[in-house]
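Inspection log for the structure reproduced underneath, given as structure tokens.
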Amino acid sequence: MQVPLLDLRAQYAPLKSQFLTAIEEVCDSQALVLGPRTEAFEQAVAQYCGAKHAIGCSSGTDAQLMLLMAMGIGPGDAIITTPYTFFATASCIARLGARPVFADIDPVTYNLCPASVEEMLKKTKNVKGIIPVHLYGCCADMEALRELASRYNVPILEDAAQALGAQHALGAAGAMGNAGWFSFYPTKNLGAFGDAGMVVCHDDDFAARLRAYRNHGMEVRYYHKFVGGNFRIDAIQSAVLHVKLPHLDTWSAGRRARAATYRRLFALHGLERWLTVPVEPWKDSGVLNHHIYNQFIVRAPRRDDLRAYLGAAGVSTEIYYPLPLHLQECFAYLGYKAGDFPESERAARETLALPIYPEISTEQQNYVVEKIAAFFR
Ligand SMILES: Cc1ncc(COP(=O)(O)O)c(C=O)c1O
């Protein structure tokens, strides 16, 4: 049996005719960049996550970059974030000449640890933002982070690239802080037919500024108020994403059900003594925090051997992420060293992403878990 990490064709097939109709409409209109299709999709996402404004753009990376540009972030500024995330979270800070300042993660949720953030806030000058990443589709501890943000008077900018649709007691992922962004890279729960992203925010003036930054800093054509960029979204991507959006909650519920199936099967095979499975933080704390399982992550001893064993048995897995950002070659100039963020480093050594998507069958999940059990036997 082959079990891919993700099977995009299973999602595409039942909606194929709707996609082709939507794409044909864009082709017929020849309104190919931004345009009414994008405006309609932006409104739908704003409404979906409870943000006042949504600004579609070329990728999740460009969403973050343009947001930081519009905030005027640059040399001398510092932004606190996690080293256990996709590269873009920190690279967008560094590309603007500002300094990424890392704080360690909570070992249970893999998200920013508020106590570590506070330590960095105390010892860092010119902090212009805190970026929690709602990693794998589970929201960070937003109560604690919002309390810190208001005490230190620093904005919260949410990297919700992996978390559109995740619900938290304080609101939806992306819309709980001062601004947030999503990625629509094809592997995300809401994936485009290529690259696309979006910024959401609540402030009217900042939204207008973002729209200008998205389009070379123009408010009036060929009059450049700011040095922005070409961060525009294609109308075809907006059209495809708009077809998918009404299905997102069903797909996320499907992922949660598959996560529950993994838990049940792990228990059946007595695997809890080997594997640490993702917690559902809301269960113990009573706080709503609604994981959307963009990834299903386990910690496993002999992780690399397990991965090789599963690969040989036809089960695809992935390591998100093998080297934390503070230890990346390109960030050597920041002066961090191994041991600075022990939980991030341990997560990088121990975690493995198992196949998860709404259409994965129980037979496939059974096969994955049987192979894991066979490995540990
Ligand atoms: C946490 C995180 N931040 C940012 C990004 C960047 O998004 P994109 O790939 O759309 O540029 C990603 C996507 O891979 C991500 O997972």
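Can you name the residue in region 44-72 that is away from the ligand (no atom under 16 Å from the Cβ) and hydrophobic (A, V, I, L, M, F, W, C) and is also farthest from Gly97 (Cα to Cα) among such residues? Once the filter is applied, the top-ranked residue is Ala44.
For beta carbons closer than 7 Å, sequence separation of 6+ or different chains, a first residue in region 192-214 that is free of Cβ contacts under 8 Å to residues at least 60 places away in the same chain and a second that is within 14 Å of the ligand (Cβ to nearest atom) and assigned to a loop (DSSP other than H, G, I, E, B), the qualifying pairs are Ala192/Phe184; Ala192/Pro186.
Scanning region 225-242 for residues that are surrounded by fewer than 17 Cβ atoms within 10 Å (Cβ to Cβ) and out of contact with any strand residue (DSSP E or B) (no Cβ under 9 Å at 6 or more places or on another chain) yields a single hit, Val227.
Okay, residues lined up against (1) touching a helix residue (DSSP H, G or I) at 6+ places or on another chain (Cβ under 7 Å); (2) of a type in the set (S, T, N, Q); (3) modelled with pLDDT of 95 or more:
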site: Pro281; (1), (2), (3): no, no, no
site: Asn289; (1), (2), (3): yes, yes, no
site: Asp304; (1), (2), (3): no, no, yes
site: Ala313; (1), (2), (3): yes, no, yes
site: Glu318; (1), (2), (3): no, no, yes
site: Leu325; (1), (2), (3): yes, no, yes
site: Tyr336; (1), (2), (3): yes, no, yes
site: Asp340; (1), (2), (3): yes, no, yes
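Taking residues in region 96-108 that are at pLDDT 95 or above, and partners anywhere that are aliphatic (A, V, I, L, M) and assigned to a loop (DSSP other than H, G, I, E, B), the pairs with Cβ atoms closer than 8 Å and at least 6 places apart or on different chains are Leu96/Ile73; Ala98/Ile73.
Tell me, please, whether a residue that is part of a loop (DSSP other than H, G, I, E, B), within 16 Å of the ligand (Cβ to nearest atom) and surrounded by 14 or more Cβ atoms within 10 Å (Cβ to Cβ) can be found in region 25-43. No: region 25-43 contains no residue that is part of a loop (DSSP other than H, G, I, E, B), within 16 Å of the ligand (Cβ to nearest atom) and surrounded by 14 or more Cβ atoms within 10 Å (Cβ to Cβ).
Within region 325-377, being surrounded by 15 or more Cβ atoms within 10 Å (Cβ to Cβ), assigned to a helix (DSSP H, G or I) and of a type in the set (A, V, I, L, M, F, W, C) holds for Leu325, Leu327, Phe331, Leu334, Ala347, Ala348, Val368, Val369, Ile372, Ala373, Phe375, Phe376.
With the requirement that a residue be within 16 Å of the ligand (Cβ to nearest atom) and surrounded by fewer than 21 Cβ atoms within 10 Å (Cβ to Cβ), what does region 192-224 give you? If the condition is that a residue be within 16 Å of the ligand (Cβ to nearest atom) and surrounded by fewer than 21 Cβ atoms within 10 Å (Cβ to Cβ), then Phe193, Gly194, Asp195 are the ones that fit. Across region 1-32, the qualifying residues are those that are touching a helix residue (DSSP H, G or I) at 6+ places or on another chain (Cβ under 6 Å) and of a type in the set (Val, Ile, Thr), and the one among them that is farthest from Thr317 (Cα to Cα) is Val26.
Per the conditions (1) free of Cβ contacts under 8 Å to residues at least 24 places away in the same chain; (2) over 21 Å from the mean Cα position of the chain (by Cα), the sole criterion not satisfied by Gln43 is (2). Could you please let me know if Leu310 is touching a Phe, Trp or Tyr at 6+ places or on another chain (Cβ under 9 Å) and either assigned to a helix (DSSP H, G or I) or more than 23 Å from Pro83 (Cα to Cα) (or both)? Yes: the conditions hold for Leu310.
The requirement of being away from the ligand (no atom under 16 Å from the Cβ) and more than 18 Å from the chain's Cα centre (by Cα) is satisfied by Ala239. Cβ-Cβ contacts under 6 Å between residues 6 or more apart (or on different chains), taken from a first residue in region 328-348 that is within 21 Å of Pro114 (Cβ to Cβ) and without any contact (Cβ under 8 Å) to a residue 60 or more places away in the chain to a second residue that is surrounded by 11 or more Cβ atoms within 10 Å (Cβ to Cβ) and not basic (Lys, Arg), are listed as Glu345/Pro324.
The values are calculated or read from the model by the stated rules, or taken from the named source; none is laboratory data. Bear in mind the structure is a predicted one, so any value in this text is a computation, not a measurement. All Cβ positions, glycine included, derive from the backbone under ideal geometry; neighbour counts span all protein chains shown.
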